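Here the structure comes first, spelled out in structure tokens, and everything after it is commentary.
The values are calculated or read from the model by the stated rules, or taken from the named source; none is laboratory data. If you're wondering where the values come from, they're calculated on a predicted model, not measured in any experiment. Heads up, the Cβs are rebuilt from the backbone with ideal geometry, glycines too, and the neighbour counts pull from every protein chain shown. Only protein heavy atoms, including side chains, enter the accessible area calculation; ligands, DNA and RNA are left aside. Shrake-Rupley method; radii C 1.70, N 1.55, O 1.52, S 1.80 Å.
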Amino acid sequence: MRYALLGDIHANLDAFQVVLEDAKKEKVTHYACVGDLVGYNPNPKECIDIVRDMNMPCVKGNHDEYASVDDDCIGFRPMAAEAIRWTREQLAAEDKKYLKSLKFVRYVENFTIVHATLDMPQKWGYVMDKLAAAASFSYQNTAVCFFGHTHVPLAFVRDSVVKGGTYEMIHIEPGKKYFINVGSVGQPRDGNPMAGYAIYDLVTNTVTLRRLEYNIKAVQKKIFEAGLPERCATRLEIGK
Ligand code: ZN
């Protein structure tokens, strides 16, 4: 059994398609999504349709939550808020209903998926360091949990202490807990513009990070045509 763990797709259909093609080539058998299907980029409806049609387990991201309601975008920076308002206009009632129905935490096979943190998933905290990871670990009931939200693929391990850092491949060892960020499909922020996702092989007990080139120019063109904020386009090519 090989799982593709992907998230922070953020309506970037071009990147999403490249990821799905790669997963097929990599003989992935199952999929799970750590949330944020929409926001920032120009194809929210198409991305929702794919996740829903593939029937992949998916948790709710902050952008999914805000795109599915009509509240003011409190806590969002102006660019994100503008993109959310645009996104709301693109979605049908059933799309919003789907986003609204997503849960904050889900158990899949023998692992957990969450968008932000396990200690307070609805508060959308960012796990970028060991302290934040430690708080989440105390609520983690499975050996492995995958998360998103930061758009930075970092992995944390709890043994006698919590350690963390960047990764390419992780061997899941018995007796330890792992909190693994799978990077972002549609808007990477680790300075590498390539689309990111992870493959969890439940037979070899390994998690491998994948990074893929896609047609950034094509997405930028669509962003400008849609009238989305310019920075949504420029940040894609620098991965920030
Ligand atoms: Zn996100």
*Got a sec? Which of ASP70, ASP119 is closer than 23 Å to LEU5 by Cα and among the acidic types (Asp, Glu)?*
ASP119
*What about TYR126, is it within 16 Å of the ligand (Cβ to nearest atom), farther than 15 Å from LEU6 by Cα, without any contact (Cβ under 8 Å) to a residue 40 or more places away in the chain and open to solvent by 20 Å² or more (accessible area, probe 1.4 Å)?*
yes
_The conditions are (1) in a helix (DSSP H, G or I); (2) open to solvent by 50 Å² or more (accessible area, probe 1.4 Å), and GLN220 fails exactly one of them. Which is it?_
(2)
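What do you reckon, is LEU118 away from the ligand (no atom under 16 Å from the Cβ), assigned to a helix (DSSP H, G or I) and over 22 Å from GLY186 (Cα atoms)?
no
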*Given PHE104, PHE111, which one is open to solvent by less than 10 Å² (accessible area, probe 1.4 Å) and among the aromatic types (Phe, Trp, Tyr)?*
PHE111
*Between a first residue in the stretch 201-222 that is basic (Lys, Arg) and a second residue that is open to solvent by 30 Å² or more (accessible area, probe 1.4 Å) and part of a loop (DSSP other than H, G, I, E, B), which pairs have beta carbons less than 6 Å apart while being 6 or more apart in sequence or on different chains?*
ARG211/MET194
_Failed condition for GLU82, given (1) within 16 Å of the ligand (Cβ to nearest atom); (2) closer than 19 Å to GLN187 by Cα; (3) under 17 Å from the mean Cα position of the chain (by Cα)_ = (3)
_Just to be sure I understand, how many residues within the stretch 33-57 are of a type outside the set (Ser, Thr, Tyr) and within 16 Å of the ligand (Cβ to nearest atom)?_
14
*asked:* Can you go through ASN205, ASN181, ASN141, ASN192 and tell me which one is surrounded by fewer than 17 Cβ atoms within 10 Å (Cβ to Cβ) and within 21 Å of ASP36 (Cβ to Cβ)?
replied: ASN192
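Select from the stretch 1-32 the residues that are hydrophobic (A, V, I, L, M, F, W, C) and touching a Gly at 6+ places or on another chain (Cβ under 6 Å) and write down the one among them that is farthest from the ligand (Cβ to nearest atom). Reasoning before the result, please.
Here is the first cut: in the stretch 1-32, the residues hydrophobic (A, V, I, L, M, F, W, C) are 1, 4-6, 9, 11, 13, 15-16, 18-20, 23, 28, 32.
Among the residues that remain, those that are also touching a Gly at 6+ places or on another chain (Cβ under 6 Å) are: 9, 15.
On the way: ILE9: 9, ALA15: 13 Å.
If we take residues in the stretch 1-32 being hydrophobic (A, V, I, L, M, F, W, C) and touching a Gly at 6+ places or on another chain (Cβ under 6 Å), then ALA15 is farthest from the ligand (Cβ to nearest atom).
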*Do any residues in the stretch 85-101 that are of a type in the set (A, V, I, L, M, F, W, C) have Cβ atoms under 9 Å from those of residues that are open to solvent by 40 Å² or more (accessible area, probe 1.4 Å), where the two are at least six apart or on different chains, and which pairs are they?*
TRP86/GLY227; LEU91/LYS45; ALA92/LYS45; LEU99/GLU65
_Contact list please: Cβ distance under 8 Å, first residue in the stretch 59-78 and closer than 17 Å to THR117 by Cα and within 16 Å of the ligand (Cβ to nearest atom), second residue charged (D, E, K, R) and not in a loop (DSSP other than H, G, I, E, B), pairs at least six apart or on different chains._
VAL59/LYS103; VAL59/ARG106; LYS60/LYS103; GLU65/LYS100
*Could you tell me which of the residues ALA116, ALA133 is modelled with pLDDT of 95 or more, out of contact with any Ser or Thr (no Cβ under 7 Å at 6 or more places or on another chain) and more than 19 Å from ALA32 (Cα to Cα)?*
ALA133
*Does the stretch 86-95 contain any residue that is more than 14 Å from the chain's Cα centre (by Cα), polar (S, T, N, Q) and within 15 Å of the ligand (Cβ to nearest atom)?*
yes
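Give GLU173, GLU225 a once-over and let me know the one that is of a type in the set (D, E, K, R), in contact (Cβ under 8 Å) with a residue 60 or more places away in the chain and loosely packed, with under 14 Cβ neighbours inside 10 Å. Spell out how you get there, then give the answer.
Values: GLU173 fails: in contact (Cβ under 8 Å) with a residue 60 or more places away in the chain.
From the options GLU173, GLU225, the qualifying one is GLU225.
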